[in-house]
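The values are calculated or read from the model by the stated rules, or taken from the named source; none is laboratory data. Since the model is a prediction, treat every value here as computed from it, not as a measurement. Cβ sites come from the backbone with ideal geometry, for glycine too, and all protein chains shown count toward neighbours. Accessible surface areas use protein heavy atoms only, side chains included; no ligands, DNA or RNA. Shrake-Rupley method; radii C 1.70, N 1.55, O 1.52, S 1.80 Å.
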Amino acid sequence: MLQSLHIKNVALIDEAELIVGEGLNILSGETGAGKSMIIDSLGLILGGKAGKDVIRTGQDNASVTAVFSVDDGLKPVLSELGVDVAEDDALIITRQISSTGKGTCRINGVLATVAMLRQVGAVLVDIHGQHEHQSLLSQLRHISLLDKFADSAASSVKDKLADAIRKYRDVSRKIAAIGDGGSAKARLEMLLYQQAEIEEVNPQGGDDRRLEKLRDVLVNSVKIKELTGAALNLLYQDESGDTAFERMTKAAAQLHELAKLDGETAKFADAVDVMVTTLRETCRDIYAYSDNLADGGGDLPGTESESSKIDKIERKLEQLHMLKKKYGGSVGAVLQHLEHVKTEIEELRSSDERLEQLGQEKRALSREVSDLCAALSAIRKEYAATITAGVSAALADLGMPDAMFDVEITRSQAFGTNGFDRVEFMISANKGEPLKPLAKIASGGEMSRVMLALKSVLADTDEIETFIFDEIDAGISGRTAQMVAEKLSRLARGRQILCITHLPQIAALADAHFLIEKHSDSESTRTTVVPLDDEACVYELARLTGGAKITDATLTAAREMKRLAREVMQL
């Protein structure tokens with residue numbers, strides 16, 4: 001919810017700050033004092049239109065900064081919009097408007113667009129009155145609000161419906177993949193070609209890396225043969241007999257003779273015997289490595305020349321590269337694709353039988369989806385009647401006894417995870433007028449009261465915590481004003497409401513009260529925002545009740561009104 005609003009150089013406001021809390025926050029003041037400028041400034045933060053005319057005369061730019069505290073429930077929604085909330089749950093939105101026509105928007109210090117402000121604002125604040133930002137006017141939201149009102153009764157059916165639709169679409173995709181006879185045949189031919197193409201190369205896991213290594217060895221085969229031959233000559237096979245093996249064998253014989261004379265030296269002879277054995281095995285491994293190199297690492301005929309072997313490896317690598325490029329980027333992906341191809345070939349070869357089976361599944365799922373849509377529609381109609389009765393009663397309490405409200409549920413041609421219903425809230429504000437969509441309400445005062453009635457009934461289903469009501473008191477007084485005030489107070493419990501009002505019945509129930517005043521001197525006019533303490537609240541109630549002249553009687557009446565309001569607030 002909104003914590004503070006800082007306004008600078010907007011219209012008549014030089015600089016003002018509004019610090020608000022939970023509950024009912026009242027803004028009052030003389031007509032023309034600039035109360036709506038506060039709401040207009042907040043509208044700028046929510047992505048409202050901003051022209052040069054909003055900038056205070058004589059200034060080059062205007063700015064508005066709003067600080068919101070965000071609860072855990074809204075964080076995932078904001079995250080989907082690409083907005084990260086600070087660790088202290090704060091969300092700071094700033095908008096600057098320049099006389100040059102350029103402006104900047106920031107969300108938690110990060111540059112944003114006006115469109116982003118509108119998206120974020122839609123989940124933070126609802127403004128009801130003469131302004132554009134009214135979420136309940138969106139017909140697209142009506143079905144979700146109705147379903148939330150129906151709670152578990154609707155959600156359990158919707159979960160089953162979503163699962164059935166997922167299965168239905170999956171079966172439909174499989175049927176489309178098999179297609180008719182002609183397309184199935186063409187698909188089969190293509191898959192058989194892919195299978196033959198891959199199997200002709202016969203790739204094995206790690207082939208590309210192994211062949212690249214073998215190619216590098218063959219390219220350096222002459223140098224490798226020189227090195228291995230030289231090493232073997234020194235270690236084992238030099239005709240002169242002066243090899244490491246010969247010398248170590250002779251040394252071992254001498255040490256064994258020594259051990260006969262001194263048993264303590266037997267360990268030396270044993271150690272050299274181990275070295276002789278190790279050397280013999282190592283030389284055998286070197287011989288095997290040299291022979292394996294000669295026949296192409298076991299992959300290629302040993303009688304071929306190195307250049308011929310390298311050419312064959314290069315061709316195999318080129319074939320592998322082509323397969324990887326076409327079928328997934330790696331030999332493993334190519335082999336995986338081959339398995340998918342084989343599976344689909346089997347399915348296509350038995351396509352007639354498979355199509356019949358899938359057709360039966362689709363028809364059964366279609367019946368299931370239709371039944372679930374009908375069940376969901378019946379639940380909605382039941383709860384729609386409850387909403388209709390509740391809103392109609394609330395409208396009568398709010399001074400609109402002739403208003404008619406209805407939740408219109410019609411069937412659309414297509415179905416989806418919301419079923420086959422189209423839901424729209426309809427209203428007739430006056431006797432004799434036909435029911436029309438909420439957006440067609442012309443009067444700002446009527447709009448605010450309809451929204452208040454809807455909010456009072458749907459309060460528990462709406463995640464938005466901050467509501468703004470402007471002109472809600474237009475054309476009402478007396479008992480109706482008192483009913484409006486009490487509904488606002490009840491709605492404000494656990495939420496935040498900012499309400500502009502001229503009615504003392506509404507202002508008396510304020511949890512926080514702000515006075516909007518206009519001051520003029522010889523050079524300029526400016527609007528200020530002043531938070532009122534208890535005594536100042538009483539004085540403002542007296543002004544709202546008695547007009548410009550405040551008397552002891554009006555002050556006494558204002559104190560009594562405030563006392564009675566506290567009793568109402570405790571109910």
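Does the stretch 509-558 hold any residues that are in contact with a strand residue (DSSP E or B) (Cβ under 9 Å, 6 or more places away or on another chain), under 23 Å from Ala481 (Cα atoms) and of a type in the set (Gly, Ala, Ser), and which are they? Within the stretch 509-558, Ala510, Ala512, Ala536 meet the criteria. If you filter the stretch 14-38 down to residues that are aliphatic (A, V, I, L, M) and surrounded by fewer than 23 Cβ atoms within 10 Å (Cβ to Cβ), you find that the one that is modelled with the lowest pLDDT is Ala33.
Which residue, of Glu465, Glu517, Glu433, Glu486, is touching a helix residue (DSSP H, G or I) at 6+ places or on another chain (Cβ under 7 Å) and either among the acidic types (Asp, Glu) or farther than 19 Å from Asp402 by Cα (or both)?
Values: Glu465 fails: touching a helix residue (DSSP H, G or I) at 6+ places or on another chain (Cβ under 7 Å); Glu517 fails: touching a helix residue (DSSP H, G or I) at 6+ places or on another chain (Cβ under 7 Å); Glu433 fails: touching a helix residue (DSSP H, G or I) at 6+ places or on another chain (Cβ under 7 Å).
Every option except Glu486 fails the conditions.
Exactly one residue out of Ser377, Ser477, Ser428 is more than 36 Å from the chain's Cα centre (by Cα) and open to solvent by less than 50 Å² (accessible area, probe 1.4 Å): that is Ser428. If you go through the stretch 465-512 and pick out every residue that is closer than 30 Å to Lys75 by Cα and among the hydroxyl-bearing types (Ser, Thr, Tyr), you end up with 2.
Against the condition touching a strand residue (DSSP E or B) at 6+ places or on another chain (Cβ under 7 Å), modelled with pLDDT under 90 and within 30 Å of Asp533 (Cβ to Cβ), how does Ile127 come out, does it pass?
Working: touching a strand residue (DSSP E or B) at 6+ places or on another chain (Cβ under 7 Å): yes; modelled with pLDDT under 90: yes; within 30 Å of Asp533 (Cβ to Cβ): yes.
Yes: the conditions hold for Ile127.
Taking (1) over 30 Å from Ser370 (Cβ atoms); (2) open to solvent by 60 Å² or more (accessible area, probe 1.4 Å); (3) in contact with a Ser or Thr (Cβ under 7 Å, 6 or more places away or on another chain); (4) of a type in the set (A, V, I, L, M, F, W, C) in turn, Ala394 satisfies each apart from (2). Among the residues of the stretch 79-113, those that are open to solvent by less than 50 Å² (accessible area, probe 1.4 Å) and more than 27 Å from Glu22 (Cα to Cα) comprise Ile97, Ser98, Ser99, Ala112.
For the stretch 331-345, enumerate the residues that are over 17 Å from Ala186 (Cβ atoms) and either outside any helix (DSSP H, G or I) or out of contact with any Gly (no Cβ under 8 Å at 6 or more places or on another chain) (or both).
As a first pass, look at the stretch 331-345 and keep what is over 17 Å from Ala186 (Cβ atoms): 331-340, 342-343.
The answer is Ala333, Leu338, Glu339, His340, Lys342, Thr343.
Suppose we keep only residues that are assigned to a loop (DSSP other than H, G, I, E, B) and within 30 Å of Leu161 (Cα to Cα) within the stretch 453-474. Which one would you say is most open to solvent (accessible area, probe 1.4 Å)? Let's see the steps before the verdict.
Just the residues of the stretch 453-474 that are assigned to a loop (DSSP other than H, G, I, E, B), to begin with: 462-465, 470-474.
Subsequent filtering for residues that are within 30 Å of Leu161 (Cα to Cα) retains 462-464.
Values: Asp462: 16, Glu463: 93, Ile464: 8 Å².
Across the stretch 453-474, the extreme among qualifying residues is Glu463.
Does the stretch 356-369 hold any residues that are touching a residue at least 24 places away in the same chain (Cβ under 8 Å) and open to solvent by 50 Å² or more (accessible area, probe 1.4 Å), and which are they? Let's see the steps before the verdict.
Taking the stretch 356-369 first, the residues touching a residue at least 24 places away in the same chain (Cβ under 8 Å) are 358-359, 361-362, 365-366, 368-369.
Listed by number, the residues that qualify are Glu361, Lys362, Ser366, Glu368.
Restricting attention to the stretch 370-424, the residues being modelled with pLDDT under 90, within 19 Å of Asp163 (Cα to Cα) and aliphatic (A, V, I, L, M) number 1.
Determine whether the stretch 438-452 contains at least one residue that is in a helix (DSSP H, G or I), of a type in the set (A, V, I, L, M, F, W, C), open to solvent by 40 Å² or more (accessible area, probe 1.4 Å) and in contact (Cβ under 8 Å) with a residue 24 or more places away in the chain. Talk me through it step by step, then tell me what you get.
Going through the stretch 438-452, the residues in a helix (DSSP H, G or I) turn out to be 438-440, 444-452.
With of a type in the set (A, V, I, L, M, F, W, C) added as a condition, the list becomes 438-439, 447, 450-452.
So of that shortlist, the ones also open to solvent by 40 Å² or more (accessible area, probe 1.4 Å) come out as 439.
So of that shortlist, the ones also in contact (Cβ under 8 Å) with a residue 24 or more places away in the chain come out as 439.
The answer is yes; a qualifying residue exists.
When the residues of the stretch 144-154 are filtered to those that are under 20 Å from Glu408 (Cα atoms) and out of contact with any helix residue (DSSP H, G or I) (no Cβ under 6 Å at 6 or more places or on another chain), the one that is most open to solvent (accessible area, probe 1.4 Å) is Asp151. Checking each residue in the stretch 554-571 for being under 21 Å from Glu30 (Cα atoms) and not polar (S, T, N, Q) picks out Leu555, Ala557, Ala558, Arg559, Met561, Lys562.
Taken across the stretch 518-541, residues that are farther than 18 Å from Gln3 by Cα, crowded, with 21+ Cβ neighbours inside 10 Å and touching a Pro at 6+ places or on another chain (Cβ under 7 Å) do occur, with at least one present.
Answer yes or no as to whether Ala33 is more than 19 Å from Ala115 (Cβ to Cβ), in a strand (DSSP E or B) and touching a residue at least 24 places away in the same chain (Cβ under 8 Å). Write out each step before concluding.
On the way: more than 19 Å from Ala115 (Cβ to Cβ): yes; in a strand (DSSP E or B): no; touching a residue at least 24 places away in the same chain (Cβ under 8 Å): yes.
Against the criterion (more than 19 Å from Ala115 (Cβ to Cβ), in a strand (DSSP E or B) and touching a residue at least 24 places away in the same chain (Cβ under 8 Å)), Ala33 does not qualify.
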